[in-house]
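Each remark here refers to the structure printed beneath this line.
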Amino acid sequence: MKKFPALVLFACSIVNSYAQQKLLSPKEFLGYELGERFTRHHRVVEYFQHVASALPNVDFHQYGETYEHRPLVYVVVASPENYARLEQIRQDNLRRAGMAEGSPSTKISMVWLSYNVHGNEANSMEAAMQTLYELADPNNSKSKEWLKNTVVIMDPCINPDGRDRYANFYNQYGNRIVNPNPEAKEHREPWPGGRSNHYWFDLNRDWAWLTQMESQQRINVYNQWMPHVHVDFHEQGYDSPYYFAPAAEPYHEVITPWQREFQVMIGKNHAKYFDQQGWLYFTKERFDLYYPSYGDTYPTYNGAIGMTYEQAGGGSAGLSIRTREGDPLTLKDRLTHHHTTGLSTVEITAMNSNRVVDEFEKYFRENLNNPASPYKTYVIKADNNPDKVRRLTSILNAHLIRYGHPTAGKATRGYDYSTQSVQNFTLTTEDLVVNIYQPKSRLITTLFEPVSKLPDSVTYDITAWNLFYAYGLKGYALNERINPGKPYQPKEANTKPADGKPYAYVFKYNSVTDVEFLCALMKRGVKLRSSLSAFKVNGESFDAGTLVVTRRNNENVADFDNVVQTLAKEYNRRYLAAATGFVESGSDFGSGSVNYIKPPRVAVLVGEQVSSLSAGAIWHFFEQEIKFPLTQIGTDYFRSVDLKNYDVLVVPEGRYSVFDDETLKKVQDWISGGGRLILISGALNSVVDKNGFALKKYASEDAKKEAEKKDKEEQAKDALLAYEEAERKEISKLISGAIYKVALDKSHPLAFGLGNTYYTLKTNELYFSYLQGGWNVGVIRGKAKPVQGYAGFKINAKLDNSFVLGVEDKGRGTVVYFVDDPLFRNFWENGKMLFSNAVFLVGQ
């Protein structure tokens, strides 16, 4: 098969195109009709390999693998003529986008079809086989015509681990005589379901953040092609028929008129086929184009016509289910609908190929020469924590976003993310600048703009995600263009090996990389301490939270100095080799204020009642980021577990019934004996207003009565509310993923390394009064107002002067309360620091 020597992943085509064989239909290859059963992932991969082996104009590639080591693959289908110049076509497309040198000499449109990002939306992988067969079949006159000016890329399964989890479940529980009764076991997936990947992440929320290896590998390949049209195939509730483009409002304002127009054209083409068959469908509802990390919006912000197609079904549908109309909805029906829209997408793109390519080129020409956003440059100040900057630049690199240091400094003016106002500041040559005069211009705008215009407050997902706030970075948004003049130079630790045998090694503690380093030391048996207050030694000042590794108590660590220094070099940690434990100010290293950090035995609740997404984020953080052991305990047997075997228990977001009075008493006794309980979001409802816990909804009985009075008055007003106004009325009580400024008590271990301010991503409507008899470490002071994102005015009023995060001391143990999930989707970098402090520092 054709090789792409310039690309690492393109160099490993698996199938030899010369080993030609007869092209088989899916039925001939599998031995059964599509729709009769759920095909396991490996068989679909084998069918895609077969098609590529049988035909000289189909390329098969493995671009990666999942956490469970299933292959991630795609095929490229082209006409024989275009196949012969496929690399030229690909390079020309990158030239049009300003991502490769030279001028294009070919003009071929590209369609990318992505299937099964949610594993239990299981029909699309079946549909992918039929779609590939008909596109590649040399006897299909329609597809032959389309392929004259269009190349089609197909990824049959973005989420193989979740897909096989679902298929294995259904193949185990499905009846031989298909049972369409929704109450049958075959329609009730066990926790966590097949929607998510190995770590229970929603891969359709990870396109921008790239926390998962499937996402990282896919984006690498996506950016090598940059298709003009991208479809993400999904399923929705089985009583909703079929959704296709055009999308619902809100559209982000960076979306072009052409991207809107062609969505309508595509939708009308689909409607033609659905109308012929009498199939039900809807458009312009529910699924918007705003949040940048979807499989439709990410391509859209990268120049494509990005779309979601939603078929009725999902994990409840099985091989057949009875809808509310009493009709059967079969797997065959579902895959046929996705197959139809897939081919219709290729058809309408081919019919408009010249304009599709011209508009794609125009999109990037505007990006390079005349970007529309008022903010032209984003400045990341040089005095930010270098670890956070390095982590952010790794995301920029993955998305091929260009940045660097300016060639000269100057006085200028811009939007200050710290004050949410326009301020004067001095740009230095050590600062990092990202301007929007580049191919990824509109993606940059969506990730960094200070305020995102929201045309419609009824949205499908969060409405705020700004990375300056997520990483806690000092920076500015400027209306002027500033070009990077020299490449980014990461700050290196440059610590010289210590002379002799220091009394102690001292390490600053300000980032998740510091947490990773802490865990690495613990795994090597090194004992650490953490200072509860600031101190000064050898003329250098250190903040509270600083890690101190003394020679004393580490006598049993073989080659102690080499272990510490080698790990410091590996993690790029600068250290001070202190010759004495006698400090110039603050507490000496032998003081009780320099606490020993005992390696915690950590457990997390998983299973029914637990949000799998929240539990998965915790699991992934421990295993993939800080690489520290974690024990998962099921809710079905939690009551029988001896909690004395654990130091920390994490209770993720969820709706719990497991915490009855008897179980809460058991947990309280464990806490009083020294246990540390961490409660996240919905888990707080298990203890609020309960005896023995400081968490209260209202500060007093009078406050409660006043709130109840207002609610009754509101209900009386709503009695005459018009039906059509109900949805709008309801959103005044909702928060659509908004960012709030939180005042921190930086002297408390929960806030170590974060300073005086934290920006929380609030994705729920929970509110509580300040802790009475506890530590209010993070609070909203005064009138609540998001710094970015939508929140209804009624819920905002209830957040005035409210509690966000804090600690309650109980006996020898502690309870840590997080009203908002600090590990939400694992892209909120500063939230990871808060969570780490709760696990390792609080209560030690």
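The values are calculated or read from the model by the stated rules, or taken from the named source; none is laboratory data. In this text, all values refer to a predicted model and were calculated from it rather than measured experimentally. Every residue, glycine as well, gets a Cβ built from its backbone with ideal geometry; the counts of neighbours run over all protein chains shown. Protein only, heavy atoms only, side chains kept; ligands, DNA and RNA dropped before computing areas. Shrake-Rupley method; radii C 1.70, N 1.55, O 1.52, S 1.80 Å.
Miscellaneous remarks
- Working from label points 7 Å from Cα in the Cα-to-Cβ sense, the Asn181 to Lys272 distance is 4.5 nm.
- Val779 sits among other residues whose Cβ lies under 15 Å from its own Cβ, and their net charge, with Lys and Arg +1 and Asp and Glu -1, is +4.
- Per-residue ³J(HN,Hα) for segment 426-433, Karplus 6.51 cos²θ - 1.76 cosθ + 1.60, θ = phi - 60°, Hz, x for Gly and Pro: 10, 7, 10, 6, 8, 5, 10, 10
- Per-pair calculated FRET efficiency, R0 = 60 Å: Ala493 and Glu708 via Cβ, rounded to 0.05: 0.60
- Binned Cα-Cα distances of segment 515-597, short to long, each 5 Å bin given as a whole percent: 3, 14, 27, 25, 21, 9, 1
- Beta bridges by DSSP in the chain, antiparallel share as percent, to the nearest 5: 65 percent
- Option label - Rg/Rh (Cα atoms, Kirkwood Rh) computed here, alternatives (1) 1.02; (2) 1.13; (3) 0.98: (3)
- Of the trypsin sites (Lys or Arg not before Pro) found in segment 266-356, those in coil by DSSP whose Cβ has at most 13 other Cβ atoms within 10 Å are Arg324.
- Ligands, DNA and RNA aside, Glu361 has an accessible area near 60 Å² when probed at 1.4 Å.
- The heavy atoms of Leu613 offer some 90 square angstrom of accessible surface to a 1.4 angstrom probe.
- Qualifying GluC sites (Glu not before Pro) in segment 44-89, DSSP loop, other Cβ atoms within 10 Å at most 13: Glu68
- On Cα atoms only, tilt of 331-351 relative to the major axis of the chain in degrees: 80 degrees
- Here's the list of lysines a cross-link from Lys22 could span, going by alpha-carbon distance under 28 Å and ignoring same-chain residues fewer than 8 apart: Lys2, Lys3, Lys142, Lys144, Lys148, Lys332.
- Selection from Asn139, Gln668, Ala54 lying farthest towards where the dipole of the chain points positive, charges on Cβ: Gln668
- Less than 5 angstrom separates the built amide H of Phe425 from those of Thr412, Arg413, Gly414, all sequence-distant by 5 or more or on a different chain.
- Annotation: per residue accessible area for segment 96-236 equals 30 Å², rounded to a whole number [probe 1.4 Å, protein chains only].
- Counting DSSP beta bridges with both ends in segment 44-176, the antiparallel % (nearest 5): 60 percent
- Beta bridges per DSSP with both ends in segment 100-230, % antiparallel, nearest 5: 0 percent
- Each Lys and Arg contributes +1 and each Asp and Glu -1, all at the Cβ; summed about the Cα centre of segment 268-392, the dipole is approximately 320 debye.
- For segment 398-509, the solvent-accessible area works out to 42 Å² per residue, with a probe of 1.4 Å and every protein chain left in place.
- Two-site label geometry, Lys27 and Glu134: point separation in nm, points 7 Å out along Cα→Cβ: 1.4 nm
- Share of carbon and sulfur in the accessible area of the chain stands at 48%, probe radius 1.4 Å.
- Taken as Cα centroids, segment 112-183 and segment 611-643 sit 33 Å apart, rounded to the nearest whole angstrom.
- Over the residues of the chain, the helix contribution to mean residue ellipticity at 222 nm works out to -9000 deg cm²/dmol, using -39500 (n - 2.57) for each DSSP H run of at least 4.
- Taking Asp661, Asp821, Asp559 and ordering them by how much accessible surface each has at a 1.4 Å probe, largest first, produces Asp661, Asp559, Asp821.
- Rounded to 10°, Cα long-axis angle of helix 86-96 versus longest principal axis of the chain: 60 degrees
- Given charges at Cβ of Lys, Arg, Asp, Glu: the chain dipole, positive-most of Leu319, Leu368, Ala304: Leu368
- Accessible surface calculations at 1.4 Å, restricted to protein heavy atoms, place segment 584-652 at 40 Å² per residue.
- Residues Glu584 and Arg390, FRET efficiency given R0 of 35 Å [Cβ-Cβ distance, rounded to 0.05]: 0.65
- Look at the dipole of the chain built from charges on Cβ: of Met265, Ala398, Thr513, the Cα furthest out on the positive end belongs to Thr513.
- Exposed chymotrypsin sites (Phe, Trp or Tyr not before Pro) absent: longest stretch of the chain, with sites in DSSP loops and at most 12 other Cβ within 10 Å deemed exposed: 33-581
- Summary value for the chain: 10 percent relative contact order, contacts being C-alpha pairs under 8 angstrom separated by 6+ residues.
- Axis angle, to the nearest 10 degrees, between helix 257-277 and the longest C-alpha principal axis of the chain: 60 degrees.
- Among the trypsin sites (Lys or Arg not before Pro) in segment 18-90, those located in a DSSP loop and surrounded by at most 11 other Cβ atoms within 10 Å of their own Cβ are Lys22.
- The distance separating the Cα centre of segment 798-844 from that of segment 297-361 comes to 41 Å.
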